[in-house]
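Every number here is computed from the coordinates shown, using simple stated rules; none is lab data. Note that the coordinates shown come from a computational prediction; the quantities given were computed from them, not determined experimentally. In this analysis, Cβ positions are derived from the backbone assuming ideal geometry, glycine residues included, and neighbour counts consider all displayed protein chains.
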Amino acid sequence: MPESSPHALKRRLIDAGRILEHAGHGDMTRGHVSVRLPDRPDHFLMKPHSVGFGEITMENILTIDLDGNVVAGTAKRHSEVFIHTEIFRARPDVHSVIHTHPTHTTAFAATGRPMRALSQGGAVFAGRLPVYAGTIDLIRTPEQGRGVAQALGQENAVLMLSHGLTMAAPSVEAAVILCLSLEEAARIQLLADAVGADVPDFPPEQVAALRENLLRPDQFQTNFDFLARSTRAQPGRH
Ligand SMILES: [Zn+2]
């Protein structure tokens, strides 16, 4: 199990940001990621406003409460903090929330089609991708945040129509890997649909078994650690 001290969590948040930036989830400075403090579940660490995913530092990470108040840190807070507060409030099982604007996921949401298991990542989300269509604008109020949390329900991901995605997971490792998996699954389904996907679906029990396997915490940890290493190793990145 990874260390869960605030210092270790901040280091993982920095890794998470770098991985999301590298995977194209940044949309300049607009994405955000948070992780709940294990010994203070009504507080969470969050990337600040005005910096990119790749610019999170030990110094600029904010500590925020479930009303959206900054309790530690001096950087500007994202106005969309209420996506995080309302999901953390509604879902005690969720310890990390990510909101991004990835290209293929956003295009996929616009098709209005259900996700199919046309790839292994697709098996994780097939038939279980709710859509929040309350607004195309930023989520700036607790009420709007509650709307996103309600649309999410008990799932890991909610599509936000003409906007992006929100991921909610038991760990920051899981949330990051699921964001990358969803974007790749959306890209594959868009490509397959564009040329006319006409393969039948695999039996639901096979899809469910694969899903269960892909959702194992050790899978998330292994893949997150790999991506943390490989993005760190790139020249010019740190
Ligand atoms: Zn947004």
Please go through region 108-196 and write out the trypsin sites (Lys or Arg not before Pro) that DSSP classes as loop and that have at most 16 other C-beta atoms within 10 Å.
Arg128, Arg140
Most fluctuating of Leu62, Leu45, Leu138 in the GNM of the chain (C-alpha, under 10 Å) is Leu138
Fewest-first sequence of Lys47, Lys10 by Cβ atoms within 10 Å of each Cβ
Lys10, Lys47
Rounded to the nearest 5, what is the percent of antiparallel bridges among the DSSP beta bridges in region 6-232?
90
Just to check I understand the Karplus step: with θ = phi - 60° and J = 6.51 cos²θ - 1.76 cosθ + 1.60, what whole-Hz values come out for region 122-127, glycine and proline as x?
x, 5, 5, 10, 4, x
Choose one answer from Val207, Val176, Val158: the residue with the largest mean-square fluctuation in a GNM of the chain with alpha-carbon springs under 10 Å.
Val207
What's the percent breakdown of Cα-Cα distances in the chain across 10 Å bins, shortest bin first?
8, 34, 38, 17, 3, 0
Counting other C-beta atoms within 10 Å, and keeping those with at most 12, which DSSP coil GluC sites (Glu not before Pro) do you find in region 46-108?
Glu59
Which of Met46, Met167, Met28 moves most in a GNM of the chain, Cα contacts under 10 Å?
Met28
State, in angstrom, two size descriptors of region 1-91 derived from its alpha carbons: Rg to one decimal place and Dmax to the nearest whole number.
12.2, 33
Please list, in order along region 56-61, the HN-Hα scalar couplings obtained from phi with the Karplus expression 6.51 cos²θ - 1.76 cosθ + 1.60 (θ = phi - 60°), rounded to whole Hz, x for Gly and Pro.
6, 10, 4, 7, 8, 5
Return Phe82, Phe226 ranked ascending by Cβ neighbour count within 10 Å, so the fewest neighbours appear first.
Phe226, Phe82
